[in-house]
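Novice: Submitted below is the structure of interest, expressed as structure tokens.
The values are calculated or read from the model by the stated rules, or taken from the named source; none is laboratory data. Everything numeric here is computed off the predicted structure, so don't read it as measured data. Glycine gets a Cβ as well: all are built from the backbone with ideal geometry, and neighbour counts include every protein chain shown.
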């Protein structure tokens, strides 16, 4: 398919002495109606050419020739506005879809490059609560988006299966295991033990010290501690998988923190060799003041036990050697920004190739909040993600029943709508924003929501099913697609690949979410003003082919976000 920005670039670069990257970065799409399709601001040339933007745009307009793709150029207040040949663009989109079908919008720009995405990563023996939801959903969307662009993607669930919390759980289990039935209801019972032992630790320093010693024993492979740890992990994973099944989440690796325990000594050896370890209050740390980070990175605690940073550094070494990654992406909460700044700085001293250091990327996100405040496992203030997902499914079912009581497979449809609503709500705003839940708003069929897009998709399916005839590309009369509402849809369809690329470049799935809302709205406007099953057979065929592409892109786009589309609702 033609690359319009490159076509404009080729026109401009022959007329102005400026680097191609600057030209490309300044070519933008025009959103206003009847102002053209793309624009280039001549303000960026003023200093170079020592002329006013208006003068430059007028001169360029007079020297540039139109062609088959760019049919008209205007100079408007220092901007060059380009008008695209509408019929040519429609043909390009239709032919590209005819060639690629379900792969329309995909790319091979990632060929030969491996992307690691570290996401979800719940803590063993703790509830999989809605605080873990954002990492799971954002990471899953990025996984799908990168894969669609041709990258080799490895999804890593870096389980929180190690750390001082296990020392606390072991101590709590020793004290009170007879009072709790962890076999029957593992996570809830372990959570009660965890909350209780935390409260006791706050009251009694001696208990806290015993917890720390338990963790040290675990690191030293004490049989009793290891047996309990394995038990907690096995029970936790069984429960986590119920939630993952609801979300459709899959992972290529479940190597958690414990996997890197025997790999940490090498990290310490390399840092020692490079004279980067210093003593601080009995702990061993790396001073990062030269990098502008006031807080040192702790590598080893005063009692000799490890810490998150040490395990993350061991993971970077392992992943570089095992996967030869292009990017190693961590999807975690914004409260870990400092942690990853420290880890990425220390990684520079691990004698790794510079490409692996440059490939480290932290993708932070805001917190999920209840109306009354932040979640905390220690305080017992939690909402299990599985409960929330099931609640959304039940709400969706009630709404659908009111609209379509006789609908077949209502449970399946309710699950797609309910789960989709939660995912889409999470991905509809910039990830850095905090999120507060409102199920009523998320399940609104008229708002900027998942059910709205799903409903538009179902309407498209209904029309195509009613027509019951496959339209072939050679049956299209493009002169029947000459209205502005059709062209608005085609421009959006043309931008599908670029939208996916931009979503990955900025690690912002919301860019795709907003695009899908815009496409659904554009279709709604088109449908309200055009009779798809027109009496004119040529007009009918052209419009059926158009809405078929729209339906396909809505489905593929939502699938990339991790959302399934119902055929009826």
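Novice: Which one of these is under 30 Å from residue 563 (Cβ atoms) and out of contact with any strand residue (DSSP E or B) (no Cβ under 6 Å at 6 or more places or on another chain): 254, 313? Quick ask: steps written out before the conclusion?
Specialist: On the way: 313 fails: under 30 Å from residue 563 (Cβ atoms).
Among 254, 313, only 254 is under 30 Å from residue 563 (Cβ atoms) and out of contact with any strand residue (DSSP E or B) (no Cβ under 6 Å at 6 or more places or on another chain).
Novice: Would you check if residue 474 is assigned to a helix (DSSP H, G or I), more than 19 Å from the chain's Cα centre (by Cα) and either at pLDDT below 95 or surrounded by fewer than 17 Cβ atoms within 10 Å (Cβ to Cβ) (or both)?
Specialist: Against the criterion (assigned to a helix (DSSP H, G or I), more than 19 Å from the chain's Cα centre (by Cα) and either at pLDDT below 95 or surrounded by fewer than 17 Cβ atoms within 10 Å (Cβ to Cβ) (or both)), residue 474 qualifies.
Novice: Against the definition (more than 21 Å from residue 556 (Cα to Cα), in a helix (DSSP H, G or I) and touching a helix residue (DSSP H, G or I) at 6+ places or on another chain (Cβ under 7 Å)), how does residue 518 come out, yes or no?
Specialist: Numbers: more than 21 Å from residue 556 (Cα to Cα): no; in a helix (DSSP H, G or I): yes; touching a helix residue (DSSP H, G or I) at 6+ places or on another chain (Cβ under 7 Å): yes.
No, not satisfied.
Novice: Return a yes/no flag: does the stretch 500-515 have any residue that is closer than 21 Å to residue 98 by Cβ and modelled with pLDDT of 95 or more. Quick ask: steps written out before the conclusion?
Specialist: Start the filter on the stretch 500-515 by keeping residues that are closer than 21 Å to residue 98 by Cβ, which leaves 500.
Narrowing further to those that are modelled with pLDDT of 95 or more: 500.
So far as the stretch 500-515 goes, yes, one or more of its residues are closer than 21 Å to residue 98 by Cβ and modelled with pLDDT of 95 or more.
Novice: Further question: Among the numbered criteria (1) free of Cβ contacts under 8 Å to residues at least 12 places away in the same chain; (2) closer than 20 Å to residue 158 by Cα; (3) under 30 Å from the mean Cα position of the chain (by Cα), which one does residue 347 miss?
Specialist: (1)
Novice: Related question: Which of the following residues is surrounded by fewer than 20 Cβ atoms within 10 Å (Cβ to Cβ), touching a residue at least 40 places away in the same chain (Cβ under 8 Å) and under 28 Å from the mean Cα position of the chain (by Cα): 524, 513?
Specialist: Details: 513 fails: surrounded by fewer than 20 Cβ atoms within 10 Å (Cβ to Cβ).
Only one candidate qualifies: 524.
Novice: For the stretch 262-304, give me every one of the strands (runs of 3 or more DSSP E) that falls completely inside it and has 2 or more residues that are surrounded by fewer than 18 Cβ atoms within 10 Å (Cβ to Cβ) and not assigned by TED's automatic domain parsing to the domain that holds residue 213. Walk me through it before giving the result.
Specialist: Numbers: elements: 277-280, 283-286, 297-300.
Output list reads 277-280.
Novice: Kindly evaluate residue 559 against the criterion of being part of a loop (DSSP other than H, G, I, E, B) and surrounded by fewer than 20 Cβ atoms within 10 Å (Cβ to Cβ). Spell out how you get there, then give the answer.
Specialist: Numbers: part of a loop (DSSP other than H, G, I, E, B): no; surrounded by fewer than 20 Cβ atoms within 10 Å (Cβ to Cβ): yes.
It is false that residue 559 is part of a loop (DSSP other than H, G, I, E, B) and surrounded by fewer than 20 Cβ atoms within 10 Å (Cβ to Cβ).
Novice: Right, here's the next one. Can you tell me which residues in the stretch 342-381 are part of a loop (DSSP other than H, G, I, E, B) and modelled with pLDDT of 95 or more?
Specialist: We begin by selecting, within the stretch 342-381, every residue part of a loop (DSSP other than H, G, I, E, B); these are 348-353, 359, 366-367, 371-372, 375, 377-380.
Listed by number, the residues that qualify are 348, 349, 350, 351, 352, 353, 359.
Novice: Next up: Does any residue of the stretch 101-112 turn out to be in a strand (DSSP E or B), under 33 Å from the mean Cα position of the chain (by Cα), at pLDDT 95 or above and closer than 26 Å to residue 357 by Cα? Steps first, answer last, please.
Specialist: To start, the set of residues in the stretch 101-112 that are in a strand (DSSP E or B) comprises none.
Looking through the stretch 101-112, none of the residues is in a strand (DSSP E or B), under 33 Å from the mean Cα position of the chain (by Cα), at pLDDT 95 or above and closer than 26 Å to residue 357 by Cα.
Novice: Inside the stretch 378-402, can you point out the residues that are more than 30 Å from residue 196 (Cα to Cα) and either touching a residue at least 24 places away in the same chain (Cβ under 8 Å) or surrounded by 14 or more Cβ atoms within 10 Å (Cβ to Cβ) (or both)? Full working, then the answer.
Specialist: Taking the stretch 378-402 first, the residues more than 30 Å from residue 196 (Cα to Cα) are 392-402.
Matches in the stretch 378-402: 392, 393, 394, 395, 396, 397, 399, 400.
Novice: Which condition number does residue 429 fail, the rest of (1) touching a residue at least 60 places away in the same chain (Cβ under 8 Å); (2) within 17 Å of residue 563 (Cα to Cα); (3) surrounded by 19 or more Cβ atoms within 10 Å (Cβ to Cβ) being met?
Specialist: (3)
Novice: Which ones in the stretch 1-60 are part of a strand (DSSP E or B) and buried (at least 18 other Cβ atoms within 10 Å of the Cβ)?
Specialist: Of everything in the stretch 1-60, those that are part of a strand (DSSP E or B) and buried (at least 18 other Cβ atoms within 10 Å of the Cβ) turn out to be 38, 39, 40.
Novice: Could you pull out the residue among 271, 228 that is over 30 Å from residue 420 (Cα atoms) and touching a strand residue (DSSP E or B) at 6+ places or on another chain (Cβ under 7 Å)? Step through it out loud before you land on a result.
Specialist: Values: 228 fails: touching a strand residue (DSSP E or B) at 6+ places or on another chain (Cβ under 7 Å).
Matching residue, one of 271, 228: 271.
Novice: Going by what's in this entry, would residue 182 be described as over 30 Å from residue 117 (Cβ atoms), at pLDDT below 90 and in contact with a helix residue (DSSP H, G or I) (Cβ under 7 Å, 6 or more places away or on another chain)? First the steps, then the outcome.
Specialist: Details: over 30 Å from residue 117 (Cβ atoms): yes; at pLDDT below 90: yes; in contact with a helix residue (DSSP H, G or I) (Cβ under 7 Å, 6 or more places away or on another chain): yes.
In short, yes.
Novice: From the residues in the stretch 486-509 that are part of a loop (DSSP other than H, G, I, E, B) and within 16 Å of the chain's Cα centre (by Cα), which one is surrounded by the most Cβ atoms within 10 Å (Cβ to Cβ)?
Specialist: Within the stretch 486-509, the subset part of a loop (DSSP other than H, G, I, E, B) is 495, 506-509.
Within this subset, residues satisfying the condition of being within 16 Å of the chain's Cα centre (by Cα) are 506-509.
Numbers: 506: 13, 507: 22, 508: 21, 509: 29.
The qualifying residue surrounded by the most Cβ atoms within 10 Å (Cβ to Cβ) is 509.
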